[in-house]
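Have a look at the structure below, then the notes.
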Amino acid sequence: MALISKIRNNSWLLVVLVALGLLGFIVMDMTSGQQSAFGGSQTTLGDIEGKKVDWRQFNRVEQVLYGNSGGDVFSRRSQLWNYFVEEALVKEEAEALGLGVSRTELMDLQFGTNPSPVIQQRFMNPQTRQVDFQQLNQIKTAIEDGSINDDPRLTAFWAHQEKEIIKERLQSKISAMVSKAIYTPTWMAEMGNSEINAPATFTYVKIPYDEIDNSEVELTDADYEAYLEKNEERYKNDEATRVVEYVVFDVLPTPADSAALKAEVEGLIPDFKAAENDSAFTEREYGIPPGNYVTKDAISPIIADTVSSLAVGDVFGPYTDAGKYKAVKLVDRRMIADSADTRHILRQAQGPQQFAQAKKTIDSLENLLLTQGASFDSLAIRFSQDPGSANKGGLYEGVTPGQFVPAFNEVLFVTGNIGEYYKVRTSYGWHLIEVLRRSSEATERYKVAYLEEAIVPSEETQEEIEGEVLEFIGENRDLKAMRAAADARGMETETSARLERNAFAVGSLGASQGSRDIVRWAFNANTGEVSPELYAYQDPVEYYTNKYVVAGLLAKQSPGLPSVANIKSEIEQEVMKEKKGEMLKSRIQSNDLQAVASQFDTKVDTASNVKFNAMFVPGLGVESRVIGKAFTMEQGQTSEPIVGSSGVFLIQLLQRPNVGQANNIPQLRQTMSSQARQQVPSQWIQAMKENADIEDNRSRFY
């Protein structure tokens, strides 16, 4: 227990527990009722090649890793699901290959000189960008003597992290095996040599698609079906999908809301002006406390001239800026040097006990400087925990106003005397500061504080609009009625892309619980139906309901190729180009490039030294079909019309040199194999997922 108490006073545990938001290992069983009523299968989140993932297990791991931390909950759940899938597949493949990770290897991956990428990411010092081995050694000691078990939160976190490390290590071993098996045969090396060293030069004529007006083209279902069949792999769905149509009701503040918020700011101005402690007052009233001195240019242009003319202590406002009512107080103005030199010793701290200890150390160091003539440089090198200056004796030269945190900045540019020592507490810890020099050039700067109130709708306004939306839903129970009602209000309906069962982002609505609820409803609804629920969305900054959404199901699609009706709007432009391409081909009267250019009032261009793997060619654009055709032609040959991405092309090959027999086959093999090996880590696991038997039940739980 003594060791754990000591460890809890160190910053590494705060980093692990606070940054990851570990709330606890034991969480409420959200599905216990289902289990008792229907059996254990009701808690099965998924099944990966026969390995079941229980919802309670998934939920526990999510709590261990994230707790109540911020961020996109749906994205992190998606990442966690991918971990469970990959961990199961990697473990199965490793067992089949006889691969494993020994306990000795695991300890080395956690605490050795070349730790796992998992450790490197989680235990990197943000200031030095290096792994913090001091933190790791403290954890290792706690593991070895068993005292880590006194903290169940850390125990749970470390147990799961070991699984992540083993999974990553096995995955890298399999990747290495696959990579070493890659071999480039001679014929492929010679082909690669030809593609690299025998670029094509050709002339071409481009007939753009806008040569034909859209009104001249009649598209039939047969045209769409032919296009889909031709591009089956591009549009085929492995999962069922839904398309929703929705109407957005924005929740905006009324004039009465705005007036009330303005009055709130006005009511605070007398006390704001009289306040002696501007930091305490603004923090209490959720304003912005005074920070560093700033130039006039750094103040909002809406009030910059006004602030520069205020007397110290005066307040101006309310005024509107960036969707808020604000009032500004000029706390101080003075001429501030444009730069300064300083040196300091920092003792880092997090939490009351560490700050108290850091203060004692700084007091002792100051005493050494004042009474025993110790060298500041040597003390900084030995004791400072600022990686940016410690090895330079704590020295910072050419510091500009505002570069450091306000308390440090205040001593350096305002209150400090050159050559004297000052002890300052900041969010980093305790500093011992010496001001060395200030520049003779100075600029007038201002210290300001703000009151502010976001101009947002009141709860009454939000409730009133909610009532209107519920009435809208009650009167419009199908898509046709919803569209007509929206149109009558001057509102537009929006359409989502195809949504899979576990999607959590819907069109312009983005990712949120509301979007996830829409998707879950859509997979249980009938085509043309309007949801009986309204979906509320919160402002990400001010946390009020900023929109209500009414959704209807436009289309449902089973796995495989989508029907023409469900994808027509998505592929219409591509089908139009294909149809125009065939029409333009039929109008071409010659295979002479100059004659074709004259016929369509265009010109003959030249593409020079085009390599086979070129993605973009200046003048030509992104035209893979054209480039591919050029490399199948003989010198002087003219192609048939080619339906490309931006038009129909005719090309004539001018030159493609014969490179002859390659004399560096071993080097070519190595280069081509190396390029293929770089794709192995991401490609093999993706291939495993595509071929695995995976049952995904996530949509039943969230």
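Each value in this text was obtained by applying a stated rule to the coordinates, not by laboratory testing. A quick note: this is a predicted structure, and the numbers were derived from the prediction, not measured. Ideal geometry is used to build each Cβ from the backbone, glycine not excepted, and the neighbour counts take in all protein chains shown.
Stretched out straight at 0.36 nm per residue, the stretch from residue 403 to residue 595 would grow longer than its current Cα-Cα span by 62.4 nm. Sorting 430, 81 from the fewest to the most surrounding beta carbons within 10 angstrom yields 81, 430.
Once both labels are positioned 7 Å from their Cα atoms along Cα-to-Cβ, the gap between residue 51 and residue 674 label points is 3.5 nm.
Using only the alpha-carbon atoms, how far is helix 513-522 inclined from the longest principal axis of the chain? Give it as 0 to 90 degrees, nearest 10. Taking the Cα atoms of the chain, the angle to 513-522 is about 30 degrees.
Candidate cross-link partners of residue 51 among the aspartates and glutamates, defined by an alpha-carbon separation under 16 Å and a same-chain spacing of 8 or more, comprise 86, 87, 92, 93, 95, 693, 695, 696.
Past the 15 angstrom mark, what percentage of all C-alpha to C-alpha distances in region 255-336 do you count? Don't skip to the answer; put the middle values down first.
Working: 1946 of 3321 pairs.
Within region 255-336, distances greater than 15 Å cover 59 percent of Cα pairs.
Report the net charge of residues surrounding residue 248, where surrounding means a beta-carbon distance below 9 angstrom and charges are Lys +1, Arg +1, Asp -1, Glu -1.
Taking every other residue near residue 248 into account, the sum is -2.
Over all pairs of different C-alpha atoms, region 535-581 has a mean inverse distance whose reciprocal, the Kirkwood radius, equals 14.3 Å.
Compute the helix-to-body angle for 152-181: its Cα long axis versus the longest principal axis of the chain, expressed 0 to 90° and rounded to tens. Helix 152-181 sits roughly 40 degrees off the main axis of the chain.
To make sure I understand the rule: partners must be lysines, Cα under 22 Å from the Cα of residue 585, and not fewer than 8 residues away in the same chain. Which ones qualify? Answer for residue 585, where 22 Å is the Cα cut-off: 206, 230, 577, 603, 629, listed by chain and number. Ranked for footprinting exposure by Cβ neighbours inside 10 Å, fewest first, 665, 518 give 665, 518. Other residues whose C-beta falls under 14 angstrom from the C-beta of residue 393 contribute a net charge of -2, scoring Lys and Arg +1 and Asp and Glu -1. Under 19 Å of direct C-alpha separation, and excluding same-chain neighbours fewer than eight residues apart, residue 236 reaches these lysines: 556, 568, 689. Taken over the alpha carbons of region 339-438 as equal point scatterers, the Debye sum produces base-10 log I(q)/I(0) values at 0.14, 0.24 Å⁻¹ of -0.46, -1.38.
As an exercise, use a Förster radius of 41 Å and the Cβ-Cβ distance of residue 616 and residue 320 to find the FRET efficiency, rounded to the nearest 0.05. Show your work: numbers first, answer last.
Working: r = 47 Å, r/R0 = 1.14.
With a Förster radius of 41 Å, E is 0.30.
Look at the alpha carbon pairs under 8 Å that are at least 6 residues apart: their mean separation over the length of the chain gives a relative contact order of 21 percent. Rg of the Cα atoms in the chain, relative to 2.2 N^0.38 Å, amounts to 1.28.
Between residue 565 and residue 375, what is the FRET efficiency for a Förster distance of 56 Å, r being their Cβ-Cβ separation, to the nearest 0.05? Numbers along the way, then the final one.
Values: r = 82 Å, r/R0 = 1.47.
After rounding, the FRET efficiency stands at 0.10.
Using the alpha-carbon atoms, what tilt in degrees (0 to 90, nearest 10) does helix 133-144 show relative to the longest principal axis of the chain? Compared with the principal axis, the helix lies near 90 degrees.
FRET efficiency for the pair residue 454 and residue 233, taken as 1/(1 + (r/R0)^6) with r the Cβ-Cβ distance and R0 = 51 Å, rounds to 0.55.
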